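So the structure is just underneath, and the comments pick up after that.
Values quoted throughout were computed directly from the atomic coordinates according to the rules given, and no laboratory measurement underlies them. Just so it is clear, the structure is predicted and the values come from calculations on it, not from any experiment. In this analysis, Cβ positions are derived from the backbone assuming ideal geometry, glycine residues included, and neighbour counts consider all displayed protein chains.
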Amino acid sequence: MEAQILVVDDESIVREMEIAALSGEGYHCHGAQDADSACRILRERTIELALIDINMPGRSGVQLLQEMKEFSPDTAAIMVTAMDDLETAMFCLKLGADDYILKPFNLDRVILSVRNALEKRRLSLENRMYQRHLEAKVLDQTQQIKETLEELQVAYDSTLKALARALDAREKETGSHSERVRGYTLLLAETFGVAEADLGEMAMGALLHDIGKVGVSDNTLLKPAKLNDEEWVEIRRHPQVGHDIIAGVSFLQGAAQIVLTHHERFDGKGYPNGLLGRDIPLGARIFSLVDTLDAMTSDRCYRKAMSFQAVVDEVQRCSGGQFDPMIVEAFLSIPKHRWEEIARKKFY
Ligand SMILES: [Fe+2]
Ligand SMILES: [Fe+2]
């Protein structure tokens, strides 16, 4: 489609001359005798280029240019001016005009200038479209990557949960112990003020804490009676075995530290390394409390579940012994129903 051009000049002879020349080149031309009627036309239709006389009665071409660039910034502008007003012409270039033509003018010069300005306009619009397309594409791909990563994360999580469920199934009476302690760990860690970035490895560590029990024989693991010394040695190996199983997986390295230290005690009397106090990773100090909580609030073949109050008393008694006093404090600040929501059962 041919470009639409607006010729603005108060002298009708000049205007008609320009329109005739440009129409002869195949452009669709409109004429305006002053700035006001030019603005009307510019607002009514898409004008690709305006040829604007600077010196007109009423508002000048400079004012028209300024207004036009505000509401129709993509319309190209060529200013037409008298020889003695070069300074104004230069000022118009600063305001966004593409070119200026001195009166009296040669029509070939007008046609050439129009052609150049339209070509420049076309390239800049094309360039802008390309940029927008590129931005949209980058946004779209970023979104796709994000979704893929999220899917991957869900796949990791469900794989690990399946593994944890398999472990739980072996020690029948504990039910979904692993998932419960994962939930408890998150609750206690958040209450304690652990940074969100560190919650993931704590959750994984809790979920997989007993993975090393795959190395413990059924005879020992499921023995209903008291364990002998040899069997205790076998059981006490499970943190190290568990650590070694997952330490090679890059995204489980933080969890592996928790698995290794989940039976350490704050007073240094735990295993396998007898770590003392805050030498024990925070995730393991948090976990050991909730592991005990879950053991005490679950029915076992040798005893019924304890009441929540009895658990609270026991945890307080073990503050500074088995447990870190700061973590005991965080535990005590959490009401019973928050734990019950995770366990989905009532504690008595
Ligand atoms: Fe364990
Ligand atoms: Fe456990």
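For Lys336, the aspartates and glutamates whose Cα falls under 14 Å of its own Cα, not counting residues fewer than eight places away in the same chain, are Asp294, Asp313.
On the principal axes of its alpha-carbon atoms, segment 180-277 has extents of 42, 30, 24 Å, going from largest to smallest.
For the listed residue pairs Lys161/Lys269; Lys213/Lys269; Lys226/Lys345, the alpha carbons are over 28 angstrom apart in Lys161/Lys269; Lys226/Lys345.
Would you work out which of Val233, Pro281, Thr220 lies farthest towards the positive end of the dipole of segment 219-281? Charges go on Cβ: Lys and Arg +1, Asp and Glu -1. So the residue we want is Pro281. Positive-end ranking of Ala310, Ala247, His263 along the dipole of segment 171-343, with charges on Cβ about the Cα centre, is headed by Ala310.
In debye, nearest 20: dipole of the chain around its Cα centre with unit charges on the Cβ of K, R (+) and D, E (-)? The partial results should precede the final answer.
Working: 41 positive and 56 negative charges, 420 e Å.
The dipole of the chain has a size of about 2020 debye.
Once the Cβ-Cβ distance of Ile334 and Arg236 is raised to the sixth power relative to R0 = 30 Å, the FRET efficiency obtained is 0.45.
Extending 7 Å from Cα along the Cβ direction at Gln63 and again at Tyr156 yields two label points whose distance is 6.6 nm.
Using the Cα centre as the reference, give the magnitude of the dipole from point charges on the C-beta atoms of segment 80-219 (Lys, Arg: +1; Asp, Glu: -1; all else neutral), rounded to the nearest 20 debye. Spell out each step's value before the answer.
Working: 18 positive and 24 negative charges, 109 e Å.
Its charge dipole is roughly 520 debye.
Of the beta bridges in the chain, as assigned by DSSP with both residues counted there, near 5 percent are antiparallel.
Which order do the peptides 38-51, 212-225, 274-287 come out in when sorted by mean C-beta neighbours inside 10 angstrom, highest first?
The most tightly packed comes first, giving 274-287, 38-51, 212-225.
With R₀ set to 51 Å, the beta-carbon distance separating Met129 from Arg170 gives a calculated FRET efficiency near 0.25. Considering only Ala21, Leu49, Val110, and ranking their Cα positions along the charge dipole of segment 4-129 that arises from unit charges at the beta-carbon of Lys, Arg, Asp and Glu, the one farthest toward the positive end is Leu49.
Dipole of segment 4-129, Cα-centred, from +1 at each Lys and Arg C-beta and -1 at each Asp and Glu C-beta, to the nearest 20 debye?
Roughly 420 debye, rounded to the nearest 20.
Calculated [222 nm] ellipticity per residue, helices only, for the chain: -19000 deg cm²/dmol; basis is -39500 (n - 2.57) per DSSP H run with n ≥ 4, divided by all residues, nearest 500.
Let me know the shape class of segment 146-185, please: from the alpha-carbon gyration tensor, a ≥ b ≥ c as square roots of the eigenvalues, rounded when a/c is under 1.5, otherwise prolate if a/b is greater than b/c, or oblate. Judged from the Cα gyration tensor, segment 146-185 comes out oblate (a/c at least 1.5, b/c at or above a/b). Between Leu93 and Arg45, the modelled label-to-label distance comes to 3.1 nm, taking each label 7 Å out from Cα in the direction of the beta carbon.
Put a dot 7 Å past the Cα of Ile13, heading toward its Cβ, do the same for Phe251, and the two dots end up 8.2 nm apart.
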